[in-house]
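These notes concern the structure reproduced below.
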There are 2 protein chains.
Amino acid sequence: MKMKVSLGPGTLAYPTPVFVVGTYDKTGKPNLMTAAWGGICCSKPPCVAIALREATYSYSNIMEQKAFTINIPSEDMVKEADYVGIVSGKTENKFETLGLTPVKSELVNAPYVDEFPFVLECKLLHILEIGRHTQFVGEILDAKVEPAVQASNNNPDPLKMKPFYFDPGTRGYYSTGKRIGDAFGIGKELKKESTFT
Amino acid sequence: MKMKVSLGPGTLAYPTPVFVVGTYDKTGKPNLMTAAWGGICCSKPPCVAIALREATYSYSNIMEQKAFTINIPSEDMVKEADYVGIVSGKTENKFETLGLTPVKSELVNAPYVDEFPFVLECKLLHILEIGRHTQFVGEILDAKVEPAVQASNNNPDPLKMKPFYFDPGTRGYYSTGKRIGDAFGIGKELKKESTFT
């Protein structure tokens with residue numbers, strides 16, 4: 001057996017996303033925050049989960065508007081995404097500071113970031129209190145992408161969109177590297193004689 | 001305003017993880033599956049969520065054992081991880097087929113993969129029925145890492161561990177590229193005069 005070192009209970013997982021969450025407050029002021037705790041959580045209805053602390057401005061906004069967007073930055077927006085995670089929307093309009101443009105979703109009462117290449121527009125579906133964080137499950141009503149980063153099947157091409165991920169363990173951001181294999185394909189090389197007949 | 005193309009409601013997010021989930025069935029046979037729908041969901045208690053269809057073998061195993069592990073493959077294990085997502089544990093012991101070693105956790109009744117560089121040992125805490133997928137929230141009782149991939153602060157170094165991510169949109173796996181910035185740091189370059197005083 002290989003030796004493994006125990007790190008204790010901690011919130012490390014690979015990759016951890018950089019979800020930039022867009023909301024409106026009750027006066028209609030747009031806000032952004034970064035959520036590293038989250039991910040897709042259901043195929044039908046298509047849903048994505050994000051987990052927020054109650055103290056955040058976005059928590060109140062989602063509770064009031066029952067809606068949020070998730071905006072995926074490309075690696076050339078890493079400074080903007082990091083800034084969003086440092087400053088609270090209680091004291092500042094982060095769109096204005098960063099020169100980003102809030103676009104009001106036509107589907108839900110939340111803004112998305114015009115300058116980011118990919119966005120999800122989400123309607124609040126479930127709330128799960130877990131502990132320090134509350135999980136919001138949003139139904140994805142639409143996904144939108146910039147044409148410049150589309151693959152031939154219309155979905156985003158990660159090699160063009162260049163999303164990056166967050167690592168809490170080394171407090172850093174890491175870029176997308178290369179495509180290293182076809183999903184539901186490359187593993188077939190390991191099949192036994194009878195498995196895929 | 002920039003033009004964005006609507007893709008309709010769909011489960012695309014960047015990055016999407018490749019969580020290889022380890023469980024025991026009621027006879028003690030170890031199983032593995034890949035979960036792309038998941039992510040960290042709470043800091044205290046430290047928790048991770050995975051979403052599974054009821055039809056999977058792992059769903060029944062988690063319901064019975066109230067425990068699972070999450071195993072993170074490095075890019076040199078991309079074939080094994082893909083294989084785990086193709087074949088059902090109902091018909092095959094995937095550990096045996098792939099020559100992987102199940103190690104029984106000392107903390108929960110679930111096996112982890114000896115050959116993978118990073119594992120989380122989880123106790124089932126919440127079950128949320130969403131639709132086609134059921135979300136299991138597990139409390140992380142320990143994280144374990146191979147010494148060879150540790151950073152100077154003991155946590156895994158992504159540049160050594162080389163985790164990869166899954167993209168459902170282009171049905172591919174993408175490697176970790178470069179470290180492109182310090183979290184809670186690189187964004188400070190965009191601060192206004194008074195923000196960080």
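Derivation of every value follows stated rules applied to the coordinates shown; laboratory data play no part. These figures come from a predicted structure and were not determined experimentally. Note that each Cβ is placed from the backbone with ideal geometry, even for glycine, and that neighbours are counted across all protein chains shown.
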Summing +1 per Lys or Arg and -1 per Asp or Glu among the other residues with Cβ less than 10 Å from B:G8's Cβ gives 0
Equivalent ellipsoid dimensions for the protein assembly as shown as semi-axes, Å, which come from the Cα gyration tensor, largest first
33, 21, 21
Can you run phi through the Karplus equation (6.51, -1.76, 1.60; θ = phi - 60°) for region B:170-179 and list ³J(HN,Hα) in whole Hz, with x for Gly and Pro?
10, 6, x, 10, 10, 7, 6, x, 10, 6
Label-to-label distances across copies for B:K178, with labels 7 Å out along Cα→Cβ, in nm, shortest first?
1.6
Two decimals is fine: what is log10 I(q)/I(0) at q = 0.10, 0.22 Å⁻¹ for region A:112-197, from a Debye sum with one equal scatterer on every Cα and no solvent?
-0.48, -1.12
Using only C-alpha atoms and all pairs of different ones, pull out the Kirkwood radius for region B:20-78 in Å with one decimal.
12.3 Å
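What does the net charge come to around B:D82 if you take all other residues with beta carbon closer than 14 Å to its beta carbon, with K and R at +1 and D and E at -1? Spell out each step's value before the answer.
Details: positive: A:R179, A:K188, A:K191, B:K79, B:K94, B:R171; negative: A:D182, A:E189, B:E75, B:D76, B:E80, B:D167.
Result for the local shell: 0.
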Take the Cα atoms of region B:19-190, find their three principal axes, and give me the spread along each one in whole Å, biggest first.
55, 36, 33
Scalar couplings 3J(HN,Hα) for region B:36-45 by Karplus 6.51 cos²θ - 1.76 cosθ + 1.60 (θ = phi - 60°), nearest whole Hz, x for Gly and Pro, are 9, 8, x, x, 4, 9, 6, 8, 9, x
Distances from B:P147 to the same residue in each other copy, label points 7 Å out along Cα→Cβ, in nm, shortest first?
5.7
In Hz, Karplus ³J(HN,Hα) per residue of region B:92-100 (6.51, -1.76, 1.60; θ = phi - 60°; x = Gly, Pro):
7, 8, 5, 4, 5, 4, 8, x, 9
Nearest-first distances (nm) between copies at A:K90, label 7 Å from Cα via Cβ
5.2
Given the DSSP H assignment, sum -39500 (n - 2.57) over each helix run of at least 4 residues in chain A and divide by its residue total; what's the result at 222 nm in deg cm²/dmol, nearest 500?
-3500 deg cm²/dmol
Amide H of B:K191: which non-local residues (sequence gap of 5 or more, or other chain) have their own amide H closer than 5 Å, using H built in the peptide plane?
none
Of the lysine pairs in region A:19-190, how many meet both conditions: Cα atoms under 16 Å apart, and a spacing of 8 or more in sequence or different chains?
20
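Based on the Cβ-Cβ distance from B:E129 to B:K44, what FRET efficiency comes out when R0 is 30 Å, to the nearest 0.05?
Details: r = 25 Å, r/R0 = 0.83.
The value I calculate is 0.75.
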Highest-fluctuation residue, B:G28, B:G85, B:G131 considered, GNM on chain B with Cα pairs under 10 Å
B:G131
Where the centre of each part is set by its Cα atoms, how far does region A:124-170 sit from region B:42-118, in angstrom?
24 Å
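Can you list which of the trypsin sites (Lys or Arg not before Pro) found in region B:84-138 are DSSP loop residues with at most 12 other C-beta atoms within 10 Å?
Details: sites: B:K90, B:K94, B:K104, B:K123, B:R132; in loops: B:K90, B:R132.
Those that pass, being in a loop and sparsely packed, are B:K90.
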